[in-house]
Amino acid sequence: MRVVSLVPSLTEAVAATGPGLLVGVTDWCTHPAGLAAERIGGTKNPDVARVVALAPDLVIANEEENRPEDLAALAAAGLDVLVTEVRTVDQAFAELERVLVAGCGLARPAWLDAAEEAWAAVRPGPERRAVVPIWRRPWMVLGRDTFAGDLLARLGVHNVHAGHAERYPRIAIEELNASGADLVVLPDEPYRFGPDDGPEAFPGLPAALVDGRHLTWYGPSLATAPTALGTALGIDVRPSMPSARHLTHGVGHQAPDVGHPAPDR
């Protein structure tokens, strides 16, 4: 098959499972490193003509990551476009299988089994209430109905803005500091928060700097996300180790063990 991916998470998932299928990916598709596929623009501004010229058998996309008008243009050009929806961890597992098995015709990968086992074994830590910024200037945070919010909740970290009417609301820093949170979670993408850029805006809160890939990507990094995020958050989640069956099958198709909200990446 010839596949074009418009979603960094799904790019990594396909590359880890079916090397050689990808012929086109976005400029934001950073994993795996050294991916040999044509770059077709951003997630929010793909070059539709270039995608069509690649003559893919399948284009994989996401309902919040990609714009409806771009997906409609690709479909109007006669391309098969598979649009995913991922707002919970369970949806991520289901959509990954749909993309890889039903969409790409691949066998279900061992890393997906390992990821499901790891999350099934998670033991939530003591309940925390967190503000989760994803951007500053202006400040934007996780709101309702997000994959990252559901993932954090499974670890015992509850987003104080989970009931907001918007999924990625803009909220003034003064309001964020008065939200009643006892923690601020700062990922390094889409905005690259760091020790000197982010924590100082929340003087009364402890800050947890987390790997944005582990927090917001749905792909091979899901297998290591519980322990990586647990360490960053100071939570002992104690996920079980993958079984021997998962460690001895699919070797060579694992992505590197390292760890994507709607704002353009």
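The values are calculated or read from the model by the stated rules, or taken from the named source; none is laboratory data. None of these values were measured; they are calculated from a predicted model. Cβ sites come from the backbone with ideal geometry, for glycine too, and all protein chains shown count toward neighbours. Side chains are part of the model used for accessible areas, which takes the heavy atoms of the whole protein and leaves out ligands, DNA and RNA. Shrake-Rupley method; radii C 1.70, N 1.55, O 1.52, S 1.80 Å.
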Checklist entry - Got a number for the accessible area of SER9? Probe 1.4 Å, square angstrom, nearest 10. => result 0
Checklist entry - Reported to two decimal places, what Rg/Rh ratio describes region 1-150 when computed on Cα atoms with Rh from the Kirkwood expression? => result 1.00
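Can you send over the carbon and sulfur percentage of the accessible area for region 1-137, probe radius 1.4 Å, protein chains only?
53
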Item to check | Whole-number accessible area per residue in Å² for region 1-117, which is evaluated in the context of all protein chains at 1.4 Å | outcome: 37
Checklist entry - For region 69-166, what relative contact order do you get, as a whole percent, if you take Cα pairs closer than 8 Å and at least 6 residues apart? => result 25
Item to check | Simple Cβ-charge dipole of the chain, Lys/Arg +1 and Asp/Glu -1, about Cα centre, in debye nearest 20 | outcome: 180
Checklist outcome for this item: Summing +1 per Lys or Arg and -1 per Asp or Glu among the other residues with Cβ less than 12 Å from HIS164's Cβ gives 0
Next on the checklist: Skipping prolines and chain starts, which residues have an amide H placed within reach, meaning under 5 Å, of the one on VAL157, given they are 5 or more residues away or on another chain?
Outcome noted: ARG128
Next on the checklist: Could you compute the net charge surrounding ALA181? Neighbours are other residues with a C-beta less than 9 Å from the C-beta of ALA181; K and R count +1, D and E count -1.
Outcome noted: +1
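Taking N as the number of residues in region 104-158, what is its Cα Rg relative to 2.2 N^0.38 Å?
Here the Cα radius of gyration is 1.51 times the empirical estimate.
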Item to check | Net charge of neighbours whose Cβ lies under 11 Å from the Cβ of ASP47, counting Lys and Arg as +1 and Asp and Glu as -1 | outcome: -1
Checklist outcome for this item: For Rg and Dmax of the Cα atoms in Å, with candidates (1) 18.4, 54; (2) 17.2, 57; (3) 18.8, 69, the value calculated from the shown model is option (1)
Checklist outcome for this item: Rounded to whole Å², per residue accessible area for region 140-237 with a 1.4 Å probe reads 37
